[in-house]
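The values are calculated or read from the model by the stated rules, or taken from the named source; none is laboratory data. If you're wondering where the values come from, they're calculated on a predicted model, not measured in any experiment. Note that each Cβ is placed from the backbone with ideal geometry, even for glycine, and that neighbours are counted across all protein chains shown. The accessibility values were calculated without ligands, DNA or RNA, using every heavy atom of the protein model including side chains. Shrake-Rupley method; radii C 1.70, N 1.55, O 1.52, S 1.80 Å.
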Amino acid sequence: IRGFGFSLAGGTDLDSNLYPDLLVGAHSSNQAILLRARPVLSLDTEISFETETSGKIDINNKDCIISTGENVACTSIKICLRFSGVGVEKDQEVDIKLELDSKKQLSPRLFLLSHEEQSVWYQTFLLEKEVPFCRSYPVFLRPNIRDKLTALEAQVSCHLARSGEQG
């Protein structure tokens with residue numbers, strides 16, 4: 001395409017998706033290219049420890065029992081997701097990755113109670129537009145932890161699930 005970008009026309013929604021598209025002309029080739037804008041989805045995420053003492057876990061309060069029969073300190077982590085956007089679908093699949101004790105990835109101290117060997121969890125959720133979705137995960141502290149000074153942190157990362165697309 002020769003002369004691409006010689007002329008531009010924008011500000012009109014040519015494909016009826018509520019977003020303005022851009023037409024780029026190529027005068028030497030006697031052609032024009034339509035660049036369609038896609039809807040923008042905004043995804044809000046929150047993660048928090050559900051403790052009674054402002055995010056602190058009492059390591060001496062061992063209310064949970066793991067598969068070895070040992071009592072361990074535990075709490076729950078709550079993840080909340082919500083999406084919005086103009087011209088977006090009303091339902092959206094979102095893949096999440098929950099990382100426990102994200103500062104100490106090589107030797108984590110925090111694990112999922114339902115999957116005792118895992119400090120990283122992947123899951124896909126179907127969200128409804130503008131409807132908050134929350135899920136709690138019971139977690140526990142490994143018995144006899146040595147590092148009591150480094151803060152326990154959890155991290156959630158999200159991305160839109162591929163719905164049958166290739167590539």
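So here's what we get for this one:
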quantity	calculated
Set of lysines near LYS103 by C-alpha distance (under 19 Å), chain-local residues within fewer than 8 positions excluded	LYS56, LYS78, LYS148
Surface share of carbon and sulfur [accessible, 1.4 angstrom probe, percent] for region 1-150	49 percent
Tensor-based shape of region 1-67 (alpha-carbon gyration tensor, a/c under 1.5 rounded, otherwise prolate or oblate)	prolate
Inter-centroid distance (Cα atoms) of region 20-53 relative to region 96-167, Å	27 Å
Across the chain: Cys residues that no other cysteine approaches within a C-beta distance under 4.7 Å	CYS158
Low-density loop cleavage sites - trypsin sites (Lys or Arg not before Pro) in region 49-128, where at most 14 other Cβ are within 10 Å (DSSP)	LYS56, LYS90, LYS103
Cα shape, region 38-106, gyration tensor, a/c 1.5 rule	prolate
Radius of gyration and Dmax over the Cα atoms of region 97-143, both given in Å	12.8, 41
Alpha-carbon spread of region 1-130, three principal axes, descending order, Å	76, 32, 24
Volume per residue of the C-alpha convex hull in region 56-164, rounded to whole Å³	124 Å³
